[in-house]
Amino acid sequence: MSELHFIVNGKSVRVETDGSKPLLSVLRDDLNLRGTHFGCGTEQCGACMVLIDGKPAHSCSREAQTVAGHSITTVEGLSQNGALSPLQQAFLDEQAGQCGYCLSGILISASALLAANPAPTRAEVIAALDPHLCRCGIHNRVIRAVQKAGAAMAGAPR
Ligand code: FES
Ligand code: FES
């Protein structure tokens, strides 16, 4: 056991844990942040995606101790002062989800895309979300939601 320090969703966090555990396990089991999901454990599905220092990263295969001291954002950190972010609102508006299992990871990658490129083309959205598997066939609605959120964030009419 060791004490690890992270910035999680903007807050300084210390946790006594086995540092060789996957970051995903520390987030879910030690910090009770259950929005990030386990799918495959082998970087094949994207369900476990979080932001590490603002960049999408799989949390299933990364030892927690390797990101100690870094800033981590989970899906719980995307809301703003308790309100849905424009991205989350756009997913709701477009009903871009069915079972929802894949959505936390998709929202994380989409938020990184929009931070870098608020007006992505359809092809750019598809490329950014390529690491994510969704079995429910919501792809077109997801793409629409991401582009709609970008427009909303840029102040364009929705
Ligand atoms: S659980 Fe990490 S990529 Fe599938
Ligand atoms: S909404 Fe069910 S896996 Fe994507």
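Read-outs: derived from the displayed coordinates by stated rules, not from any lab. Model, not experiment: these values are computed from the prediction. A quick note on method: Cβ atoms are made from the backbone with ideal geometry, for glycine too, and the neighbour counts reach across all protein chains shown.
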Practice prompt. Write down the radius of gyration of the chain and its Dmax, each obtained from C-alpha positions, in Å.
Written response: 15.5, 52
Practice prompt. Could you check which residue among Ser104, Ser12, Ser85 shows the biggest mean-square fluctuation in a GNM of the chain with a 10 Å Cα cutoff?
Written response: Ser12
Worksheet, complete the sentence: the chain, Gaussian network, Cα under 10 Å: of Val67, Val75, Val13, the residue fluctuating most is Val13
Practice prompt. Sticking with the crude label model, points 7 Å out along Cα→Cβ, report the distance from His139 to His70 in nm, one decimal please.
Written response: 2.9 nm
Fill in: Percent RCO, i.e. relative contact order, over the range 40-157, from Cα pairs under 8 Å lying at least 6 residues apart
31 percent
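What number comes out for the charge environment of Ser2, summing +1 per Lys or Arg and -1 per Asp or Glu over other residues with Cβ under 13 Å away? Walk me through the numbers on the way to the answer.
Details: positive: Arg14, Lys21; negative: Glu3, Glu16, Asp18, Asp30, Glu63.
Local charge sum for Ser2: -3.
Given the rule -39500 (n - 2.57) for each run of at least 4 DSSP H residues, summed and divided by the residues of the chain, what is its mean residue ellipticity at 222 nm, to the nearest 500 deg cm²/dmol?
Working: 4 runs with 44 residues, N = 158.
Helix contribution divided over all residues of the chain: -8500 deg cm²/dmol.
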Worksheet item: What does the range 86-153 give for Rg and for Dmax, in Å, if only its C-alpha atoms count?
Response: 10.4, 29
Discussion item. Based on alpha-carbon centroids, what's the gap between the range 54-85 and the range 93-158 in Å, whole number please?
Written reply: 18 Å
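Output needed for the range 2-77: three equivalent-ellipsoid semi-axes, defined as square roots of 5 times the C-alpha gyration tensor eigenvalues, in descending order, whole Å.
Over the Cα atoms of the range 2-77, the ellipsoid semi-axes are 17, 13, 11 Å.
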Discussion item. Can you tell me which of Lys55, Lys148, Lys11 moves the most in a GNM of the chain? Springs connect C-alpha atoms under 10 Å apart.
Written reply: Lys11
Worksheet item: For Ile143, what charge total do you get from the other residues with a beta carbon under 11 Å from its beta carbon, if Lys and Arg give +1 and Asp and Glu give -1?
Response: +2
Worksheet item: Which order results if Ser111, Ser25, Ser2 are arranged by neighbouring Cβ count within 10 Å, fewest first?
Response: Ser2, Ser25, Ser111
Practice prompt. On a 0 to 90° scale, report how tilted helix 103-116 is relative to the longest principal axis of the chain, with both axes built from alpha carbons and the result rounded to the nearest 10.
Written response: 70 degrees
